[in-house]
Amino acid sequence: MFCQECGKRPATLHFTKIVNGDKTEFHICESCAREKGEGIPGTPNSFSIHSLLSGLLDFNSPGSAAHSQLSPQSVRCEQCGLTYAQFSKIGRFGCSNCYNAFADRLDPLLKRVHSSTSHNGKIPKRSGAQIGCKREIEQLRRELQTYIEQEEFEQAATLRDRIRELERKLAEL
Amino acid sequence: MTKHRFSEDALSDWMRGTGPDSDVVISSRVRVARNLRNQPFPMLATSQQAAEVLNRLTEVSRSGKLDAYGRFDTILLSDLSELDKRVLVEKHLISPNLANESRGGAVILSENEAVSIMINEEDHLRIQCLYPGFQIGKAWTLASGIDDIFEDAADYAFDEKRGYLTTCPTNVGTGIRASVMMHLPALVLTQQINRILSAVTQVGLAVRGLYGEGSEALGNLFQISNQVTLGQSEDEIIENLHGVARQIIEHERAARKRLLEESRIRIEDRVNRSFGILSHAAIMDSKEAAQRLSDVRLGADLGLLKEVTPNVLNELLVMTQPGFLQQTFNEKMSPEQRDIRRAELIRDRLNGKNDHGGVER
């Protein structure tokens, strides 16, 4: 196998990444790897995750309607000015608003990297109080439904009161 | 306390103690990435914006809010020499990225060096906690506690759907990277390592060398970390890593036991040969040093070598790195000169001598 970079020397470094059966491979020769900073920790320009990532960004996602309408050059984050084309080249966002600006295109990318598109972990205590409250209400509503189905109305009433209380709290936040 | 202590002592305090399962796991680390709302990420920040972020975040330690977690010192990267930076990288206290590319970069270090908080790295805030041995859950508890203190003082960029927003989409969500540094000589010797590592990558974990991304697995040291940060909770991520690492520990121990039973004399030969070379050689390049030190560590863990303690080996691992050598001997060196100095330093340490290069300690 020849090096993907120079196409001249045989590839001796192989990088394979498998996420849920999606395979990404990299095959390069030692001299191209050295040129990219591989193996010398601390060099700027290190052959990094970002360059691998841009490989993942460079694909068409059929079925995404918003996608075909605009070219990557014309999708731009208003806040920091980064275009989607630039993002897919460097593999990094410019600011937190980029996540909104490129929202239509992010799901396939995040699916490939993480096999998931939404957060399921820690929530900031102070700024995330609202979100925590909303999540709790959703959870209680599901429980409420179960009680109603099982005709356990006493418990259901307790839950209903708790939900109202949380909704009042949420409105104040 | 000055910054010099951080760059002169090879061992961080946390490394002096031994943690659980330290025959296989050298250290456990959790890093959490956070950004401030309404500020461009460091890559696109102007110098003034970077300075604002620096000021807001260092204020947290200046105002004493971190005191519950020990004494902290704030070090501006602009105050450090290239060599100081390199030494901090070799000690894993800052990342190469912070050392080389940051603007308005700083690190807030705890006195025992178990906590290092990087500012204006790839993200505004990166909290890193390191423990000796296999204590990954403890590292996450500590990192999460420090995270809460910063969150109380600054508005984070957080999105209900995507979680904590980060510069790189590979960190979004929890922003957590948990890793364990493992010494796996027996799995390498018995040629099981590739099979095990490829299994590891199939359950969403990544394997790297001693110095992280893009570094070689020298000295049979492997860093295993989570790849996925979105969709799983922090506890799931930690448990997943914990479970897999636990299995690797057992495999490594079983392989060591079998090596001792089936080819004891060959292991003894290998261990003692490496110990002999390290205690007598006059030229030692870093690759050979890493391999020989791995043999000696294996010998010490198997009880074949009584002369060396794991402490000394942890220390040599860091001390024989290029930046640290130059710091110790207080001179700039060519690679050839380094190999000579490295041999000298290892000889002295293994023979119980401690005074080299005229550096006071």
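Computed from the coordinates by the stated procedures, all read-outs in this text should not be read as laboratory data. This structure is a prediction, so every number in the text was calculated from the model and none was measured. Ideal geometry is used to build each Cβ from the backbone, glycine not excepted, and the neighbour counts take in all protein chains shown.
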Q: Report the residue, chosen from B:ALA206, B:ALA139, B:ALA178, that carries the largest GNM mean-square fluctuation when chain B is represented by alpha-carbon nodes joined by springs under 10 Å.
A: B:ALA206
Q. Once you treat every alpha carbon in region B:101-226 as an equal point and sum by Debye, what is log10 I(q)/I(0) at q = 0.20 Å⁻¹?
A. -1.31
Q | Inverse of mean 1/r across different Cα pairs in the protein assembly as shown, Kirkwood, Å | A | 25.2 Å
Q | Over 18 Å (Cα to Cα) - which of B:LYS85/B:LYS332; A:LYS125/B:LYS65; B:LYS65/B:LYS91 fall in this group | A | B:LYS65/B:LYS91
Q.
I'd like the FRET efficiency for A:GLN79 and B:ASN55, computed as 1/(1 + (r/R0)^6) with the beta carbon distance as r and R0 of 30 Å, rounded to 0.05.
A. 0.90
Q) For peptide A:122-133, how many partner chain Cβ atoms fall within 10 Å of a residue's Cβ, on average? A) 5
**Q.** Distance histogram in 5 Å bins (all Cα pairs of region B:155-204, percent per bin)
**A.** 5, 15, 17, 16, 12, 10, 10, 8, 5, 2, 0
(Q) For region A:75-114, place one equal point scatterer on every Cα, skip the solvent, and apply the Debye formula. What is log10 of I(q)/I(0) at q = 0.15, 0.22 Å⁻¹? (A) -0.29, -0.63
Q | P(r) of region B:263-350 over all Cα-Cα pairs, binned every 5 Å from zero, in whole percent | A | 3, 16, 28, 24, 15, 9, 4, 2, 0
Q | Residue-wise HN-Hα coupling along region B:166-177, computed from phi with Karplus coefficients 6.51, -1.76, 1.60 (Hz; x: Gly, Pro) | A | 10, 4, 9, x, 6, 10, 5, x, 7, x, 9, 10
Q: Please list A:91-98, B:284-291 highest first by mean number of surrounding beta-carbon atoms within 10 Å per residue.
A: A:91-98, B:284-291
Q.
Ranking request for peptides A:134-145, B:72-83: highest mean number of other beta-carbon atoms within 10 Å first, then the rest in descending order.
A. B:72-83, A:134-145
Q) Which whole-Hz couplings ³J(HN,Hα) result when phi for each residue of region A:105-116 is put into the Karplus expression 6.51 cos²θ - 1.76 cosθ + 1.60, θ = phi - 60°, listed in order with x for Gly and Pro? A) 9, 7, 3, x, 5, 5, 4, 5, 7, 10, 6, 7
Q. Per-residue mean of other chain beta-carbon atoms within 10 angstrom of the beta-carbon, peptide A:95-104?
A. 5
Q) Where does region A:123-173 land on Rg(C-alpha)/(2.2 N^0.38 Å)? A) 1.25
Q: Let me know the Rg and Dmax you get for chain B when you use only its Cα atoms, in Å.
A: 20.8, 65
(Q) I'd like the mean, over residues of B:24-37, of how many other protein chain beta carbons sit within 10 Å of each residue's own Cβ. (A) 1
Q) Tell me, what is the FRET efficiency for B:LYS161 and B:MET333 to the nearest 0.05, using R0 = 51 angstrom and their Cβ-Cβ distance as r? A) 0.45
Q) Size of the dipole of the protein assembly as shown about the Cα centre, Lys and Arg at +1 and Asp and Glu at -1 on the beta carbon, nothing else charged, in debye to 20? A) 760 debye
**Q.** Burial order of peptide ranges B:20-27, B:345-352, A:5-12 (average beta-carbon count within 10 Å, highest first)
**A.** B:20-27, B:345-352, A:5-12
Q. Viscosity 1.567 mPa s, temperature 4 °C: Stokes-Einstein D of region B:18-108 from its Kirkwood Cα radius, in µm² per second?
A. 85 µm²/s
Q: Search the structure for amide H atoms under 5 Å from the amide H of A:PHE2, placed 1.01 Å from N in the peptide plane, and list their residues when 5 or more places away or on another chain.
A: A:ALA11
Q: Provide the gained length on full extension for the span B:LEU76 to B:ASN38, in nm with one decimal, where the gain is 0.36 nm per separating residue minus the Cα-Cα distance.
A: 11.3 nm
